[in-house]
Amino acid sequence: MADGLTAREAIALVATHFEEAPRHPAVGVGVGVGVGVGVGESGDGPLDWAGYGESRARAVGRTGEEESVVWGAAEIGGVRAVLVSFEFRFLGGSLGRRTGDLLEAAYAYARTERLPMVSLIATGGSRMQEGMVALGQLQRVARASALTRAAGLPQLAVLRDPATGGGWATLGAGADVVLALPGAQIGFAGSRVRPPDADPSAYTAEGQLAAGHIDAIVRPGDLRSTLSRWLTLLTRGGAEPVPPPRALDGVGTAATGWEAVQRARAAGRPRAGAYLDAYFDERLEIHGDRCGGTDPGVTCGFGLREGRAVAYAAQLGTATRPAGYRTAARLIRLADRLGVPVLTLVDTPGAANDADAERAGAGAAIADVFAAMASVRVPVTTLVIGEGGSGGALALAAPGNTWVTPDSYFSVIAPELAAAILKRAPADAPATADQLRLRPEELVELGVVRGIVTRRA
């Protein structure tokens, strides 16, 4: 049965301290008095479902809980948060009217106290015995989540086993950061309602990670420390822009445009991973575009630098795919909502332009990043650390606050492609590179970038 954790065992797994919210005065354990009963309803709920009241009473007796969720104020590694935990043994952790009451109250408390929200989810979905009344709770939860999002408060979800149906499609998939236990069953469709020929791996934590729908799989013993780190990273923003990283290579000025291009393409040149490691004291990644895609050529996440949280989106030197742009846009909008400054590292020959990329919506994905950068309210700092190829690179560049390293270039298009467009011979690419004025010094002269970063002495 599921992951075997009770609601309170899951709480103990992550919280250093937990203070449960006061229990609802109208909730009792006897048949005809129990949870989920509205005005004018019998103990068998809004549908007068025969035996429902007895089922609830048995669930109360079996679990000691009054509903399928428990919530309260918690400390997780020293960070205060509102914590919600599902009790799967209570009618499969299903969501009914009373569950909606409790979840709405938890979200409201988070907004009143300005606390992040953490949900430990183990549910089979909406409660059948309450019919459409139960299903309607998803709208309540979605609205409460949207209000909390608009208030600039982070929401984190831990997907236990199982996390299916409306619980996954609201508290789970709607969270800012989504973690999962290894092997957890995750999906909108529960195991009893899937097509008989469905690939079971698609409904696992591992399958959802591969598809870009969750951020990480975390072992139970690591949950507390991981949540503590995430809560720290998501709540320590600031209004001041961050400085660009220092250069990691001591190369001098490139004599020609073609030399600048060759330097940026050199295999041994420092890449984004080295820059991020040097810049941050610690960092955690978000993963995937939440649309079924991932791009190994883009890394996004949040890092801690001198006690301050900074969001980052970095290209890793390959042609950026639509999923990479969508992940970056997700990161930028999340950072903006939470008041966390952003650092972007540009390093790409350009956007991927193969047929698969076009079918995956390359244009729309790039446009989405441009829109996110154009509307962001937090400060954004950009450093071009290698190739800056065309609009696929410019999409991640901060207007007015872009810097370059000595071993980089930024161009309207790669010199070889520019030569081809101008109907020149391939041998003319080096001369074309000079005409494009793409060297770091020339970019400063053109006013395209603010300056060239140097290596720390």
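The values are calculated or read from the model by the stated rules, or taken from the named source; none is laboratory data. The model shown is predicted, which means the values in this text are computed figures rather than measured ones. With ideal geometry, Cβ positions are generated from the backbone for all residues, glycine too; neighbour counts draw on all protein chains shown.
Data overview
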{"item": "Residue ID - farthest from Thr204 (Cα to Cα), chosen from residues in the range 121-171 that are charged (D, E, K, R) and buried (at least 23 other Cβ atoms within 10 Å of the Cβ)", "result": "Glu130"}
{"item": "Test result for Pro245, outside the structural domain of Val384 (by TED's automatic domain parsing) and crowded, with 21+ Cβ neighbours inside 10 Å", "result": "yes"}
{"item": "Out of Gly93, Gly51, Gly72, Gly78, sole residue that is more than 22 Å from the chain's Cα centre (by Cα), of a type in the set (Gly, Ala, Ser), in the same structural domain as Ile186 (by TED's automatic domain parsing) and farther than 30 Å from Arg229 by Cβ", "result": "Gly51"}
{"item": "All positions within the range 178-211 that are of a type in the set (Ser, Thr, Tyr) and within 20 Å of the chain's Cα centre (by Cα)", "result": "Tyr203, Thr204"}
{"item": "Extreme residue, farthest from Thr232 (Cα to Cα), among residues of the range 169-194 that are among the β-branched types (Val, Ile, Thr) and free of Cβ contacts under 8 Å to residues at least 40 places away in the same chain", "result": "Val193"}
{"item": "From the options Asp407, Asp428, residue that is of a type in the set (D, E, K, R) and either over 18 Å from Arg263 (Cβ atoms) or surrounded by fewer than 19 Cβ atoms within 10 Å (Cβ to Cβ) (or both)", "result": "Asp428"}
{"item": "Test result for Gly166, of a type outside the set (Lys, Arg) and without any contact (Cβ under 8 Å) to a residue 40 or more places away in the chain", "result": "no"}
{"item": "Matching option when the condition is of a type in the set (A, V, I, L, M), assigned by TED's automatic domain parsing to the domain that holds Thr318 and in contact with a helix residue (DSSP H, G or I) (Cβ under 6 Å, 6 or more places away or on another chain), among Ala372, Ala397", "result": "Ala372"}
{"item": "Hey, Ala393 out of contact with any Leu (no Cβ under 8 Å at 6 or more places or on another chain), surrounded by fewer than 20 Cβ atoms within 10 Å (Cβ to Cβ) and among the hydrophobic types (A, V, I, L, M, F, W, C) or not", "result": "no"}
{"item": "Hits in the range 445-457 - residues which are without any contact (Cβ under 8 Å) to a residue 40 or more places away in the chain and within 36 Å of the chain's Cα centre (by Cα)", "result": "Gly447"}
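Here is a yes/no grid of residues against (1) of a type in the set (A, V, I, L, M, F, W, C); (2) in contact with a Pro (Cβ under 8 Å, 6 or more places away or on another chain); (3) closer than 18 Å to Ile286 by Cα; (4) in the same structural domain as Gly221 (by TED's automatic domain parsing):
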residue: Val158; (1), (2), (3), (4): yes, no, yes, yes
residue: Gly166; (1), (2), (3), (4): no, no, no, yes
residue: Val177; (1), (2), (3), (4): yes, yes, yes, yes
residue: Ala189; (1), (2), (3), (4): yes, no, no, yes
residue: Pro196; (1), (2), (3), (4): no, no, no, yes
